[in-house]
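The values are calculated or read from the model by the stated rules, or taken from the named source; none is laboratory data. Computed from a predicted model, the values in this text were never measured in an experiment. Methodologically, a virtual Cβ is constructed for each residue, glycine included, from the backbone with ideal geometry; neighbour enumeration extends over all protein chains shown. For accessibility, only protein heavy atoms count, side chains too; no ligands or nucleic acids. Shrake-Rupley method; radii C 1.70, N 1.55, O 1.52, S 1.80 Å.
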Amino acid sequence: MKTTFVVILKLVVFIICLALIIIGQKMVGKLELGMMLLGLAGLLGLLYDYNRKYV
C-alpha cells in the first residue's frame, strides 16, 4: 500500500515537472524561466531519489 502511494506520488510529481518545462518553453520571460528551472529541479530531485539506492 505504501509503495503504491509513493509510486503514484512520484508519477504525479514527474508529470507536473514535465508540464512546467513544456509550458515555460512556449513563452519568453523571467517567470517562464523560473517555471522551467523549477521543473528541472523537480526532475533532478526525482532522478536523485531513484539513484540514491544504487550509490
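Taking θ as phi - 60°, what are the ³J(HN,Hα) couplings along segment 27-42 by the Karplus curve (6.51, -1.76, 1.60), each to the nearest whole Hz, with x for Gly and Pro?
10, 10, x, 5, 5, 5, 4, x, 4, 5, 5, 5, x, 5, 4, x
Simple spin-label model, 7 Å along Cα-to-Cβ: LEU43 to LEU31 in nm?
Each label point lies 7 Å from its Cα, and together they span 2.3 nm.
Per residue, how much accessible surface does the chain expose to a 1.4 Å probe? Answer in Å², no decimals.
The answer is 87 Å² per residue.
Carbon-plus-sulfur fraction of the accessible area of the chain, 1.4 Å probe, in percent?
C and S atoms contribute 77 percent here.
Where does the charge balance sit around GLY42 when Lys and Arg score +1, Asp and Glu -1, over other residues with C-beta under 14 Å from its C-beta?
0
Any idea what % of Cα-Cα pairs in the chain are farther than 18 Å?
Summing the P(r) of the chain above 18 Å gives 42 percent of all pairs.
Of ALA41, VAL7, GLN25, whose Cα points farthest to the positive end of the dipole of the chain (charges on the beta-carbon: +1 Lys, Arg; -1 Asp, Glu; origin at the Cα centre)?
Highest projection toward the positive end goes to VAL7.
Calculate the FRET efficiency for TYR50 and ILE23 from the Cβ-Cβ distance with a Förster distance of 30 Å, rounded to the nearest 0.05.
0.80
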